[in-house]
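Nothing in this text is a laboratory measurement; each read-out follows from the coordinates by a stated rule. Remember, it's a predicted structure, so these values are computed and weren't measured experimentally. Please note: Cβ atoms are built from the backbone with ideal geometry, for glycine as well, and neighbour counts cover all protein chains shown.
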Amino acid sequence: MSRRAVLGAAVAALAGVALAPGIRLIEVARAADGADGAGGAAGPAAGKGADPKVRWGLLIDTTRCAEGCTACVDACNAENGLGTPSRPTDARWIRKVEIRELRTGRQASVPVMCQHCAEPPCVDVCPTGASFKRADGIVLVDRHSCIGCRYCMMACPYKARSFVHEPLHDQKPDVPRGKGCVESCTLCVHRIDRGEKLTACAEACSAAGHGAILFGDLNDPGSEISRRVREVRSRQLRADLNLDPGVRYEGL
Amino acid sequence: MSSRDDSRSFWALLGLGGLGMLAGLAAAHHMETAGHIATGMDNQVVWGLPHVFAIFMIVAASGVLNVASIGSVFGEALYKKRAPLSGLLCLAMLAGGLMVLMLDLGRPERVVVAATHYNFKSVFAWNVFLYSGMAAIVAVYLWTMFERRLNPWSRSAGIAALLWRFALTTGTGSIFGFLVARQAYQSALLAPLFIVLSFGWGLAVFVITQSVMYAWNGRPLPAEAEQRLARLLAIFVAAALYLVLVYHLTNAYFARQHDFTAFVLRDGGLFPVLFWAGFVLVGSLVPFVLLVVPAARSGPGLALAAAFVVLGAFAFLYVFIIGGQAFPLEIFPGHEVRSAFGDGAVAHYVPRWPELLLGLGGVAAAFVATLVGVRVLAFMPQDELAAPK
């Protein structure tokens, strides 16, 4: 075989290898795009886009959050079909962090979830735009365009994101997930888009008698959360990064 | 390379490389079907051994092109004779590194999404263009070197490749440099650091490949080439060590970085060992001595020093990538922290065999591409034809 022939064959083979899966995948991508509407996470069910006048957020009163209580965590797991996480590879959309100030010994129990930043680093770094922020401030992952590179997990200062490490079973119809994709707290977007005004964690916290998690519209001056944020001193985690999280903490 | 024995060795090596690639592909298939649970990665250490391999190959791919740049752009005859091999190695390593990076994705079948949906604020998205552009420019560059009629364009192509490779390694460094979340990264120093690291790693890979090719052909490396390559590699090794030192010194200066610096340099178990023994001693000091002492670098000394540099590179990247993630995020400064999700605790990452096989599969792919390229085209440096300086 001459050199020219070998080269020709190599170029043809390379072109084939590069093009064939591409053509197939474009079909797959088109099919996925067509199915987008069924994904549920793209926008409110009413067909209208998310309201840009709204900024959904949480105010967490750590003075009312009880150490050892996991009502919010359990409710989130049940609501979103996350099972019972036990390993570092399991998805956790909310977790209880027990903290003790080294200088004073002051202790607190703090639920931590996606902070729904106004300037989310996960959205900045996502190569495909799968990580996105809705007009109403909710930070989500589009499961159709997430390629599972985990760059967003490298970028998140709150360890709020989980990667789906294993095949999934028994998913909740309202909360589609995907093996090999990244996910995090959606602020119960499926509830919000149905017109409900309570996340699963806030609901469970109230039911447990603590009432430490308050959900609402930070942009509505008349809302309970806006009133409290105005009247009570609260702070954002890693405020030094200027990411303007939509989750605020009271009593830290 | 036309005798029957040579041919047999070629096919044997090709078979070996092919097996390595197959093992890598099988590992990737397993990771895709079983999920990343088959690896040692978790929600804290999200980038593991495949990224160590991939980033080494991509960084070295840009560095290996320096040999061609010195030849084409600065007109050094000794390097000019080595420019084609340098270009081939660049393409091969880039392909190997990207193979590992792509196959480690959670959804590797969605690579077409990565190629059609861009978020231009993402350093990763820039890198998609930097990698594909690099491959295209180097392919054209090689073409201008091999096609006599295009030879006059070789210098221009060489300059384009040189500029692009700086952009590419800046991009690779910036993948980490733009991360505000983790203490190991978020430094503008990482872009120049990666460029300087690429000089040494790329040249080391070039030296090793060249040594094997000369040995195969039963020819000794000319003394002048040996001396100049050794001197250049020594300078690169020293410069890299200096910048790594500056990186740690700046961290040691800032109070908020003290804990992290102590972790990777003193208290972090495996990581300080890999840093001091792996990167500083084996990867920098030993090869530096081997390269600058004339008696040590002759014969196998140069290739041995290059091999040490590569070992040091892996040690450095393991500490940088894995160590940087194993150290807990500081969400509550000044607080003792614990949770069921590893908050406040050092993550324990142990690589599993599919990750290792995938990484080695990428190396095998680069090896096969180089082997076939060298066999089919004239990549062997022709020193006897070089004009005397």
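Couple of notes before you dig in:
- Averaged over A:210-222, number of beta-carbon atoms from partner chains that fall within 10 Å: 0
- Distance histogram in 20 Å bins (all Cα pairs of the protein assembly as shown, percent per bin): 18, 48, 26, 7, 0
- Three-way shape label, segment A:92-163, alpha-carbon gyration tensor, a/c 1.5: prolate
- As a rough guide to protection, the peptides B:161-174, B:334-347, B:140-153 ranked by mean Cβ packing within 10 Å, highest first, stand as B:161-174, B:334-347, B:140-153.
- In range of the label at A:E67: residues from segment B:328-351 whose backbone nitrogen is under 16 Å from the point 7 Å along Cα→Cβ: B:335-340
- Among beta bridges from DSSP that stay inside the protein assembly as shown, the antiparallel ones total about 85%.
- Dimensionless Rg ratio for segment A:42-250, taking C-alpha atoms and the 2.2 N^0.38 Å reference: 0.98
- Sites listed here are GluC sites (Glu not before Pro) in segment A:143-252 whose DSSP assignment is loop and whose Cβ has at most 14 other Cβ atoms within 10 Å: A:E196.
- Amide H to amide H, with H built 1.01 Å from N, B:N119 comes under 5 Å of A:T128, A:G129, counting only residues 5 or more places away or on other chains.
- Alpha-carbon centroid distance for the pair segment A:168-199 / segment B:152-191, whole angstrom: 38 Å
- Under-5 Å amide H pairs with B:H335, H placed in peptide plane, nonlocal only: A:L102
- In terms of distances greater than 28 angstrom between alpha carbons, the cross-link table entries A:K96/B:K121; A:K96/A:K133; A:K133/A:K159; A:K172/B:K121 yield A:K96/B:K121; A:K172/B:K121.
- One Cα centroid belongs to segment A:230-248, the other to segment B:219-273; the line between them spans 39 Å.
- Once both labels are positioned 7 Å from their Cα atoms along Cα-to-Cβ, the gap between B:Y118 and B:H248 label points is 3.9 nm.
- Relative to the dominant Cα principal axis of chain B, helix B:83-103 is inclined by about 30°.
- Taking the square roots of five times each eigenvalue of the Cα gyration tensor of chain B, the equivalent ellipsoid has semi-axes of 36, 24, 20 Å, listed largest first.
- Surrounding net charge for A:I60, when Lys and Arg each add one and Asp and Glu each subtract one, Cβ distance under 12 Å: +3
- Working from label points 7 Å from Cα in the Cα-to-Cβ sense, the B:E224 to A:A239 distance is 6.8 nm.
- Span per principal axis, largest first, for the Cα atoms of segment B:195-330 (Å): 57, 23, 23
- Share of pairwise Cα separations in segment B:94-179, more than 15 Å, in percent: 65 percent
- Peptides ranked, highest mean first, by Cβ atoms within 10 Å: ranges A:61-68, B:249-256, B:194-201: B:194-201, A:61-68, B:249-256
- With a Förster radius of 45 Å applied to the C-beta separation of B:E109 and A:E119, the computed FRET efficiency comes to 0.90.
- Taken along the Cα-to-beta-carbon direction at a fixed 7 Å, the label points for B:Q382 and A:L198 span 8.3 nm.
- With helices as the sole contributors, chain B gives -21500 deg cm²/dmol at 222 nm; each DSSP H run of n ≥ 4 counts as -39500 (n - 2.57), and the sum is divided by every residue.
- Computed packing ranks the peptides B:40-46, B:358-364 as B:358-364, B:40-46, most packed first, by mean other Cβ atoms within 10 Å.
- Spatial separation of Cα centroids for segment B:306-336 and segment B:70-132, in angstrom: 24 Å
- Under 5 Å, built H, 5+ apart or other chain: amide partners of A:C181: A:V164
- In chain B, the longest principal axis of the Cα atoms and the axis of helix B:223-253 are about 10 degrees apart.
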